[in-house]
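Each value in this text was obtained by applying a stated rule to the coordinates, not by laboratory testing. Because the structure is a prediction, the values reported are computed rather than measured. Positions of Cβ are backbone-derived with ideal geometry, glycine not excepted, and every protein chain shown enters the neighbour counts.
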Amino acid sequence: MGLDLRKLEHLVAVAEEGGFTRAAARLHLTQQALSTSVRSLEREVGVPLLRRDTGGVTPLPAGQALIEDARVLHGIARAALHRARRIGRGGAETLRIGHTPAVTSDEVTTLVHTALAELPALGTEVHQHYPQQLTEDLLGGELDLGLCRGMRPQHGLTRSTLSQDRLSLAVAADHHLAGRDHVELTELAGERLVVWGDPGRSGYTDLLLEHCRRAGFEPEHLRNPIQGTPPVTAVIGTRHVALVTAPPGPTAGGRTRVVELRPALFAPLHALWPAHITHDLRDAFLAATG
């Protein structure tokens, strides 16, 4: 049995908007046409997909499973269309890379130059994305590869570890730890640690906090109020500290200093990509950098 991608799109919109009225406006359909489409899909599948009540619409377990797969299928279709157009127009294959703020532009540049040593004709487009947007664009076929730290792959994505990068400590240039040649992790028990996401919702934050807990203390932490900036800049103008992957030394124009952290602790650099989308250049990039 074949599934109509348009009807799947309608189901996803209703679930995301929480009802038929807003979903119909989003899709430029009448509410009756949208309701008819979703009812038709339920008949084709053979089981109810949505719970309808006065409070709105919520997916049933079967509907949620189909929605997750529908996002993957739509991403495959978009990627296939993009690939066919590129080949038909004689265009060169380009690797579209997204990275979260936890992976710096310098780190991405280093990876690209490593790949260029084996793939001299490599063409890339690189953009920074917040984690949720990175996931959506990978599943939607808008990106070929995502670079992140600690993100858990959602349904339809594959994850591998490219490297394990040593963590250091970033502090403001006038911080009392700035003049040290190294800092023991246990010395951070009285410091406020800047993190990049809320615990339980950010795999990278959970990883950093767990390093502290294993050292015997529960860290006082603060979510960085300025999102999207390089990690070493999170401590500028504060008395806070941050765990970063930058090498020791002055940085951010001398406004911060990165100090060696002991014992040696590491943060994984992860690659994410759509599990069911073929991309030869992506596979070659991963082979060259992994």
In terms of the charge dipole of the chain, which places +1 on Lys and Arg and -1 on Asp and Glu at the beta carbon, the residue among GLN32, GLN128, SER105 farthest towards the positive end is GLN32
One point scatterer per Cα, no solvent, Debye formula: log10 I(q)/I(0) for the chain at q = 0.11 Å⁻¹ comes out as -0.78
A student applying the Cα gyration tensor rule (rounded when a/c is under 1.5; otherwise prolate if a/b is larger than b/c, oblate if not) would label the stretch 5-84 prolate
Full extension between GLU125 and GLU68 adds, at 0.36 nm per residue less the Cα distance, a length in nm of 17.8 nm
If one compares the long axis through the Cα atoms of helix 105-116 with the longest principal axis of the Cα atoms of the chain, the angle in degrees, nearest 10, works out at 70
So the angle from the long Cα axis of helix 31-45 to the longest Cα principal axis of the chain, reported in degrees to the nearest 10, equals 90
With the dipole of the chain defined by +1 on each Lys or Arg Cβ and -1 on each Asp or Glu Cβ, the option from GLY19, GLY88, PHE266 whose Cα lies farthest towards the positive pole is GLY19
Burial-style ranking of 198-206, 46-54, average other-beta-carbon count within 10 Å with highest first, yields 198-206, 46-54
Output ordering of 183-193, 209-219 (per-residue mean of other Cβ within 10 Å, highest first) is 183-193, 209-219
Per its Cα gyration tensor (rounded if a/c is under 1.5, else prolate when a/b beats b/c, else oblate), the stretch 168-264 is best filed as oblate
For the chain, the longest principal axis of the Cα atoms and the Cα long axis of helix 61-88 enclose an angle in degrees, to the nearest 10, of 80
For ASP181 and ASP283, extending 7 Å from Cα along the Cα-Cβ vector and measuring point to point gives, in nm, a value of 5.0
Treating only Lys and Arg (+1) and Asp and Glu (-1) as charged, each at its beta carbon, one finds that the chain has a dipole about its Cα centre, in Debye to the nearest 20, of 600
With R₀ set to 25 angstrom, the calculated FRET efficiency between the beta-carbons of LEU5 and ARG89, to the nearest 0.05, is 0.60
Ranked output for segments 33-39, 267-273 by mean other Cβ atoms within 10 Å, highest leading, reads 267-273, 33-39
Everything considered on the Cα gyration tensor (a ≥ b ≥ c; rounded for a/c under 1.5, else prolate if a/b is larger than b/c, else oblate), the stretch 54-207 must be described as oblate
